[in-house]
1. Just how large is the dipole of region 54-192 about the Cα centre, in debye to the nearest 20, putting +1 at every Lys and Arg Cβ and -1 at every Asp and Glu Cβ?
2. Using the eigenvalues of the Cα gyration tensor, what equivalent ellipsoid semi-axes result for region 54-192 when each is taken as the square root of five times the eigenvalue, whole Å, largest first?
3. Please give the peptides 107-115, 132-140 ranked by average Cβ packing (other Cβ atoms within 10 Å per residue), highest first, as a rough proxy for protection.
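Read-outs throughout are calculated quantities, based only on the coordinates presented, and are distinct from any laboratory measurement. Predicted model, so just to flag it, every value in this text is computed and none were measured. Reconstructed Cβ throughout: ideal geometry from the backbone, glycine too, with neighbour counts over all protein chains shown.
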Amino acid sequence: MLKTKFLVVFFLAIAIVFSLTAWVIAKADQNQGRNQENNATTNEKNATSSGQINAEEHRSTVANFVQSLLSVANREQGGIGEQVRVITQQQNDSEATTSQAMEKVQTRSKIKTFLLGSDYKNLGALRSELVKTRNRIDQLNRLLPSVQNASNTVEIQNQIQTLEQEQTKIENFIKAQENKISLFGWLLKMFNK
């Protein structure tokens, strides 16, 4: 009988804690909707000053990368131009996934992040895209000796360097998001593994 009372009280306490947590998260999401524009401006300033990146910056950088390499691909004769075009298209497709994941991580409410931790699913997607981008950078580096025009070689090298800098910013973004303090984040990490 005593065990039954204890279990009822225990489960009732857990239900109350989870109900309050859900209520706090819902309120925080409502407040986030009102303050999202102000937070976006603040996040943009903080990300730029700390060497991190936000989704809009990433879109812009990748768009410049794509334009530049497509012009190189059009000037190069033979298979090299087509290979550069394929790599460029793959990176352009990857940009959408990366930007979307970054936006979801950035717009997650502070209360939810505090209680549950960062958005580990989208951070994992970002890590996956980082690996794919590294592979594309390696492909471009292997193509460099085959490029016929010296100005095209310089342009590809510049774009590789830009993409590497972008990679570093995304890595910093991931580290900063993972290092946020949370109450139950450790529990979610255990279930995500």
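1. On the way: 17 positive and 15 negative charges, 122 e Å.
The dipole of region 54-192 has a size of about 580 debye.
2. Details: eigenvalues 259, 31, 24 Å².
Working through the eigenvalues yields semi-axes of 36, 12, 11 Å.
3. Values: 107-115: 17.8, 132-140: 15.8.
Result, highest mean Cβ count within 10 Å first: 107-115, 132-140.
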